[in-house]
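Worksheet for the structure shown next.
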Amino acid sequence: MPASPKNQPYQRKGDKKNSEFFEKYLLEIYKKRKAQGLEDLLGHIHHFLIQVELGTAKDLIAEKLLHTPFEYHASFEHEAFRYHILRVSDVNPDLLIREPLVELNDYFYHVNMISKKGSAKPHTRYIGEAFAVQDLKQVYQILHEQNTVQFQQELPAKLPENHIAWTMPSIFTNNCLGYIEYKSGAKQYPKDADWNFDDETKAKFKLAKDMFKTYSLEEYVGPIDHFATRVYCHDREHSILEYLSLTNYWFWGAYNIGDQNSSTNVCRNLQGLPESQSPAKVFTANNTPFYVNHIDKLPSPTANFVRNYGRRLHHIAYGVKDGFIGPESDNYKNVDYVVDQLKKTHMKFLEHIIGSCKEGLKQIFSQKSQHSLLITEYIQRCDNFDGFFTKENVAALTQAAGLDDLIT
Ligand SMILES: [Fe+2]
């Protein structure tokens, strides 16, 4: 049983079996990163970064304002990109949306172009999440010089203001990890110049946020709770271990979803911060490679997604405040109300709300955003449910997303 950050044993959840390799290196990684001081140098997730096609950021921002608690904060340009900052508060991770100002011919363009459905939006992709760190030079020295982690750029001897060191994309997930020095207060980013939307776009943003408030959604929908990446079956253990070697997260556990031929694997901060401040990182992988699908005859929604879109982030989940609306005997909880309100804004969902408070939590997936290719999830955990996920809910959600991928 691994030790928690406070050296209290925690019971790993789930029933997915891991290899001896995984169990051995899981403990080795925990031991090493503690000895290197990495655990203490790394803090919470500072921001998430999504890239979209040039000219489409405004549509994704309006969508986020309408569907989530994010507020539009500011825009700026830096090097080959225009960035837009969405913020809930100083303590929750920001969401940065960026659009390339020039045609890119980079790694992400190429991985998008070789995926069957991702090629329709060659620049659209979740890039990664950046961690707040106390001392960037020290973190870089440990990761790059001691652990031979590859970064997109060498760390300059004299650090530019608010510098973010991004790793090269993981060969297992296509996600990058960033590191930025941050202690508290309003987050700052490296920028060349401020940039502004025109008045008409700003008015649309205001309308979207007003609608979110008019429908009382701000009372119920909270910040990002978790985010889930889909990978190939042979990359499952490597994706988890690599992430743990680069962060201060812990492997919380994994559920085997046998009839969907898939597993859901959860890594959490567990440093005493709630998910709203440092959301859980989830990896989903098929159990078997796609070439035996025709023999086993099992649905393979996770493998189908990765084959169509490439290894990439699949969804971002927002926490819904626990509680209910109306008589307590009803199964009509806050998340049911939230979904009914969002439907009034013409948001489309896959299936119905899955789970119940009796089982611990209720969840639902939206349809994929056409601007980000990401699904939005809403999740309500009832009565401080400490299970985080349930096997039954994960199975139903995996199935719903799989059916949608077959049609779209
Ligand atoms: Fe999820």
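Restricted to region 239-248, and to residues there that are over 14 Å from Arg12 (Cβ atoms) and surrounded by fewer than 23 Cβ atoms within 10 Å (Cβ to Cβ), the residue that is nearest to the ligand (Cβ to nearest atom) is Tyr243. The single condition among (1) within 23 Å of Asn147 (Cα to Cα); (2) in contact with a Ser or Thr (Cβ under 9 Å, 6 or more places away or on another chain) that Thr288 does not meet is (1). When region 100-117 is filtered for residues that are touching a Ser or Thr at 6+ places or on another chain (Cβ under 9 Å) and more than 19 Å from Met168 (Cβ to Cβ), only Lys117 remains. For region 372-397, filtered to residues that are under 30 Å from Glu53 (Cβ atoms) and of a type in the set (A, V, I, L, M), the residue that is surrounded by the most Cβ atoms within 10 Å (Cβ to Cβ) is Leu397.
For Tyr232, state whether it is touching a strand residue (DSSP E or B) at 6+ places or on another chain (Cβ under 7 Å) and either more than 23 Å from Glu275 (Cα to Cα) or at pLDDT below 95 (or both). Judged against the criteria, Tyr232 is a match. Within region 182-204, can one find any residue that is in contact with a Gly (Cβ under 9 Å, 6 or more places away or on another chain) and within 16 Å of the ligand (Cβ to nearest atom)? No: zero hits.
Screening the candidates Leu270, Leu298 for the property of being at positive phi and of a type in the set (A, V, I, L, M, F, W, C) yields one hit, Leu270.
Only one entry in Ser170, Ser184 is in a loop (DSSP other than H, G, I, E, B) and in contact with a His (Cβ under 9 Å, 6 or more places away or on another chain), namely Ser170. Checking Pro223 against (1) within 16 Å of the ligand (Cβ to nearest atom); (2) touching a Cys at 6+ places or on another chain (Cβ under 6 Å), which single condition isn't satisfied? Exception for Pro223: condition (2).
Scanning for something in contact (Cβ under 8 Å) with a residue 12 or more places away in the chain and touching a helix residue (DSSP H, G or I) at 6+ places or on another chain (Cβ under 6 Å), does region 4-11 turn up at least one residue? Checked region 4-11: no residue is in contact (Cβ under 8 Å) with a residue 12 or more places away in the chain and touching a helix residue (DSSP H, G or I) at 6+ places or on another chain (Cβ under 6 Å). Scanning region 17-35 for residues that are assigned to a helix (DSSP H, G or I) and closer than 20 Å to Asn92 by Cα turns up nothing. Does Arg236 satisfy the condition of being under 22 Å from the mean Cα position of the chain (by Cα), within 16 Å of the ligand (Cβ to nearest atom) and under 30 Å from Glu39 (Cβ atoms)? Taking the combined requirement at face value, the residue does not satisfy it.
Taken over region 242-263, the residue count meeting the criterion of being over 25 Å from Leu42 (Cα atoms) and among the hydroxyl-bearing types (Ser, Thr, Tyr) is 3.
A quick yes/no check of all residues on (1) more than 18 Å from Asp259 (Cβ to Cβ); (2) touching a helix residue (DSSP H, G or I) at 6+ places or on another chain (Cβ under 9 Å); (3) within 11 Å of the ligand (Cβ to nearest atom); (4) assigned to a strand (DSSP E or B):
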residue: Leu373; (1), (2), (3), (4): yes, yes, no, no
residue: Phe389; (1), (2), (3), (4): no, no, yes, no
residue: Thr398; (1), (2), (3), (4): no, yes, yes, no
residue: Ala401; (1), (2), (3), (4): no, yes, yes, no
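Restricting Gln146, Gln138, Gln153 to those that are under 19 Å from Arg33 (Cα atoms) and either surrounded by fewer than 14 Cβ atoms within 10 Å (Cβ to Cβ) or free of Cβ contacts under 8 Å to residues at least 24 places away in the same chain (or both) reduces the list to Gln146. Scanning region 165-181 for residues that are out of contact with any helix residue (DSSP H, G or I) (no Cβ under 9 Å at 6 or more places or on another chain) and surrounded by fewer than 20 Cβ atoms within 10 Å (Cβ to Cβ) yields one hit, Trp166.
The values are calculated or read from the model by the stated rules, or taken from the named source; none is laboratory data. On a predicted model such as this, the values are computed, not experimentally measured, just so you know. Don't worry about glycine lacking a Cβ; one is built from the backbone with ideal geometry, like all the others, and counts go over all protein chains shown.
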